[in-house]
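Right, one structure below, let's go through it.
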Amino acid sequence: MVNRSLLTIVLIFTFLTVSTSFTAQEIKKDTTETPFRKGRWLTGLSGSISSGTIENTSLGNKSSSNQYGINISTGKFIKDRVLVGFLFNIQRQNFESNFVKKNTEILILGPGAKYYFSKSNIGSLFYGLSPGFVVYRDETSLMLEDEFTELLSKGNGIGILSTLGYSYVLHDRISFDLGLTANVNWLKVEQKGIPEGTINNVNFVLSDLSFTFGFNVLLDEFFF
C-alpha cells in the first residue's frame, strides 16, 4: 500500500515537473518568436501625404494646398519589443491662392523610442515617441493692393513626434506600419519683409495631426 502511494506521488511529481518544463519552454519560445526581439535592428521609411482645394464660385477665387512628410528611422531593440534609435523627418507644405503663395519646410532630427504591445509573430500595436531639434523655413508671397510683398522666415526650436499605430509583419523580416501621428513644434523665428527690409523675431507653436504609412526591415545584425 505504501509502495503504491509512493509510486503515485512520484508519478504526480514527475508529471508536474515535465508540465512546468514544457510551459517554461513555450513561454520562452513565444518570447523569442516575436519579430521585435532583443538584439535585432529595425530600419524604416514612412510618410504622409494630403492635398485639397477650395473654390469660391461666386467670387472666382480658388486656393489649393499640398502637404507631405518623409520619416527615416533606425534603431535597435534593447529588450523584447522596446526599440531605441534615431530619426530624420522632413515635412513640406505648399499653399497657393489668388493673393497668397506659401512654401514651408520643417526638418526634425533626434532620438526616438517605440514600444510594441503584443508578442504575436504577425504584428503588434505600437506607440512611438521622438523628441528632436527642429529647423524651420518659410517663404510667403502676398499681393495686396497691386503691390507685391514677400516674407522670409527662418528659425529653429524643439519638437515632438508621437505615433500610435499597428505594425504587420511578413516572414519575420518586413513590417508594414499604419499609424496616427501628432507633431508639435516650439519655434523661435526671424521674419524678414521684402522689399521693406523689416525684421521681426517671433515665437510660435506649430502642430498637426496626420495619418502615416510605411515599411520597415528587421535584421538580426546591422548592415555592416
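The values are calculated or read from the model by the stated rules, or taken from the named source; none is laboratory data. Note that the structure is predicted; figures quoted are calculated from it, not measured. Positions of Cβ are backbone-derived with ideal geometry, glycine not excepted, and every protein chain shown enters the neighbour counts.
Values as computed for the structure displayed
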{"quantity": "Scope region 105-114; condition surrounded by 15 or more Cβ atoms within 10 Å (Cβ to Cβ) and either farther than 30 Å from E147 by Cα or aromatic (F, W, Y) (or both); matching residues", "calculated": "L107, I108, L109, G110, G112, A113, K114"}
{"quantity": "Residue within region 68-78 that is under 15 Å from the mean Cα position of the chain (by Cα), crowded, with 16+ Cβ neighbours inside 10 Å, farther than 15 Å from T43 by Cα and not aliphatic (A, V, I, L, M) present", "calculated": "yes"}
{"quantity": "Qualifying residue in region 117-129 (condition: closer than 23 Å to T43 by Cβ, at pLDDT 90 or above and among the β-branched types (V, I, T))", "calculated": "yes"}
{"quantity": "Matching residues, region 90-104, being assigned to a strand (DSSP E or B) and surrounded by fewer than 17 Cβ atoms within 10 Å (Cβ to Cβ)", "calculated": "I90, R92, N94, F95, E96, V100, K101, K102, N103"}
{"quantity": "Verdict on S162 being out of contact with any Pro (no Cβ under 8 Å at 6 or more places or on another chain) and crowded, with 16+ Cβ neighbours inside 10 Å", "calculated": "no"}
{"quantity": "Those residues of region 80-89 which are touching a Ser or Thr at 6+ places or on another chain (Cβ under 7 Å) and either assigned to a strand (DSSP E or B) or more than 30 Å from Y116 (Cα to Cα) (or both), in sequence order", "calculated": "G85, F86, L87"}
{"quantity": "E139 vs. criteria free of Cβ contacts under 8 Å to residues at least 24 places away in the same chain and either among the aliphatic types (A, V, I, L, M) or on the phi < 0 side of the Ramachandran plot (or both)", "calculated": "no"}
{"quantity": "Some residue of region 34-42 being surrounded by 15 or more Cβ atoms within 10 Å (Cβ to Cβ), modelled with pLDDT of 95 or more, within 24 Å of G214 (Cβ to Cβ) and within 16 Å of the chain's Cα centre (by Cα)", "calculated": "yes"}
{"quantity": "Hey, V169 over 22 Å from N89 (Cα atoms) and under 19 Å from the mean Cα position of the chain (by Cα) or not", "calculated": "yes"}
{"quantity": "Test for G52: is it at pLDDT 90 or above and either loosely packed, with under 13 Cβ neighbours inside 10 Å or under 30 Å from G165 (Cα atoms) (or both)", "calculated": "no"}
{"quantity": "Residue within region 147-158 that is farther than 30 Å from L45 by Cβ, of a type in the set (D, E) and in contact with a Pro (Cβ under 9 Å, 6 or more places away or on another chain) present", "calculated": "yes"}
